[in-house]
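The values are calculated or read from the model by the stated rules, or taken from the named source; none is laboratory data. It should be emphasised that the depicted structure is a prediction, and the values quoted were computed from it without experimental measurement. Here the Cβ positions follow ideal geometry from the backbone for every residue, glycine too, while neighbour counts run over all protein chains shown.
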Amino acid sequence: MNELEADVLLSVTVLRPEEKLLGAALRARGVDVATVLPPDLGAIVRGGAAARLGLIRNVSHQQALSTARLLEHVGVQTLNRTSAIEVCGDKGLQALVFSRNGVPHPESHLAFSFAQVREAVAAFGWPSVVKPVSGSWGRGVTRMVNEECVDAWIGGRESADAAGKLFPVLVQEYVDKPGHDLRVVVVGAEPVVAIRRVSDHWRTNTTLGADVERVEVTAEMAKLCRGVTDLLGEGFYGVDLVEDRAAGALKVLEVNANPEFAKSSAVHGVDIAAAVADHVTAALALSSAH
Amino acid sequence: MSTQTTSADCLVCDAPFTIDAEWEKGEIVECGSCGQEHEVAEQTAALTRLELAPEVEEDWGE
């Protein structure tokens, strides 16, 4: 059998611990899995894929999106869907989609020039946040606390991107959170676990050293997650929620279409890979029945 | 640049890798001699092929 002929194509840029766990969980359920690296896509597209599902786990956002598009065009469903990957990979699109569909989200403006960054920051007041529309792990996310911060941000940016090709950027209201945020892992349409990420730093990404502790999934969290899956479709998401102390309510900060879980699973004890494998196995059984 | 043997060498310093049957395609393995990261481009019973690991890109993330 061609090594790329399998029930599930596990598309990766590199095989992280998460993808090893996902592959093992699927194989333990009797599912044929083939790992697909970007160079394999040519053969898949030329030959037509016999696979029934593409599990998109590329750490490169661009590769994830282009791979999902290709697979869908040769008749292979993907998890997550191309449209969901597109929205999750672009914080500007997320802000737009959430705003237009009533999902609570920090107020955000897309800025397409240095002048528009100044205008948006001035409109929000101090502090406010500037972040790249694509990117992860807290990279490039900057808190503007005064005019000098804006000058420094623009100065650095101009030297690296004089032509302004990296615009737009997202300018966002700063949410005064209580020293932590929340990550809810959603599989299908179900929130399977919630964790609190605690840090002394205002950025509470686990990659930046935040501590993790498990919390119960509340009705409010579940409702927000349902709002997300109603918009993006069922899938595998890391939904980041932030508590706005002033409003006393949670907001959806962002949704990740390629959540990492290997390290946090060791803390909260929920087998995320098994949950995803169960969801995929059920989806395959459902498609067989039709 | 790649090697196509069952006994791969480091693509930077030529030190031999000890092939591990548990390696999976796509996994990152490190040269024990110079520390260069390699990606397992193919891994079958008959063939282990290594390539230099991709560098972290701007758009990498969750």
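When A:ASP7 is tested against (1) under 24 Å from B:GLY61 (Cβ atoms); (2) in contact with a strand residue (DSSP E or B) (Cβ under 9 Å, 6 or more places away or on another chain); (3) touching a residue at least 40 places away in the same chain (Cβ under 8 Å); (4) more than 11 Å from every other protein chain (Cβ to nearest Cβ), exactly one condition is not met: (1). Restricting the range A:154-199 to residues that are of a type in the set (Asp, Glu) and under 19 Å from the mean Cα position of the chain (by Cα) leaves a set whose member that is modelled with the highest pLDDT is A:GLU190.
In the range B:21-62, which residue that is more than 13 Å from chain A (Cβ to nearest Cβ) and over 11 Å from the mean Cα position of the chain (by Cα) is modelled with the lowest pLDDT? Residue satisfying both the conditions and the ranking: B:ALA21.
Taken over the range A:178-199, residues that are more than 24 Å from A:THR229 (Cα to Cα) and either crowded, with 16+ Cβ neighbours inside 10 Å or touching a residue at least 40 places away in the same chain (Cβ under 8 Å) (or both) amount to 2. In this structure, A:VAL36 does not qualify as within 22 Å of A:GLU86 (Cα to Cα), within 9 Å of chain B (Cβ to nearest Cβ) and touching a residue at least 40 places away in the same chain (Cβ under 8 Å).
Selection of the range A:174-194 for residues being of a type in the set (Gly, Ala, Ser) and out of contact with any strand residue (DSSP E or B) (no Cβ under 7 Å at 6 or more places or on another chain) yields A:GLY188, A:ALA189. If the condition is being surrounded by 14 or more Cβ atoms within 10 Å (Cβ to Cβ), part of a loop (DSSP other than H, G, I, E, B) and touching a residue at least 24 places away in the same chain (Cβ under 8 Å), then the range B:18-40 contributes B:ILE19, B:TRP23, B:GLN36. Only a single criterion out of (1) surrounded by fewer than 19 Cβ atoms within 10 Å (Cβ to Cβ); (2) touching a helix residue (DSSP H, G or I) at 6+ places or on another chain (Cβ under 8 Å); (3) aliphatic (A, V, I, L, M); (4) without any contact (Cβ under 8 Å) to a residue 40 or more places away in the chain is not satisfied by A:ALA43, namely (2).
Scanning the range A:200-209 for residues that are free of Cβ contacts under 8 Å to residues at least 24 places away in the same chain and under 13 Å from A:SER264 (Cα atoms) turns up just one, A:GLY209. Whenever a residue of the range A:67-88 is over 17 Å from B:ASP59 (Cα atoms) and without any contact (Cβ under 8 Å) to a residue 40 or more places away in the chain, its partners that are assigned to a loop (DSSP other than H, G, I, E, B) and not aromatic (Phe, Trp, Tyr), lying with C-beta atoms within less than 6 angstrom and at least six residues away or across chains, give the pairs A:VAL74/A:GLY48; A:VAL74/A:ALA49.
Considering only the range A:240-281, state which residues are away from every other protein chain (no Cβ under 14 Å) and among the acidic types (Asp, Glu). Those that are away from every other protein chain (no Cβ under 14 Å) and among the acidic types (Asp, Glu): A:GLU243, A:ASP244, A:ASP271, A:ASP278.
Tallying residues that are in contact with a Phe, Trp or Tyr (Cβ under 8 Å, 6 or more places away or on another chain) and in contact (Cβ under 8 Å) with a residue 40 or more places away in the chain within the range A:138-173 yields 10. Of the numbered criteria (1) assigned to a strand (DSSP E or B); (2) over 21 Å from A:GLU260 (Cβ atoms); (3) at pLDDT 90 or above, the one B:THR3 fails is (3). Being on the phi < 0 side of the Ramachandran plot, within 14 Å of chain B (Cβ to nearest Cβ) and surrounded by 15 or more Cβ atoms within 10 Å (Cβ to Cβ): is that true of A:ILE56 here? Criteria met by A:ILE56. Residues in the range A:12-33 that are more than 19 Å from B:TRP23 (Cβ to Cβ) and either touching a strand residue (DSSP E or B) at 6+ places or on another chain (Cβ under 6 Å) or within 12 Å of chain B (Cβ to nearest Cβ) (or both): A:VAL31 alone. Under the condition of being over 15 Å from the mean Cα position of the chain (by Cα) and surrounded by fewer than 17 Cβ atoms within 10 Å (Cβ to Cβ), the residues counted in the range A:200-211 number 6.
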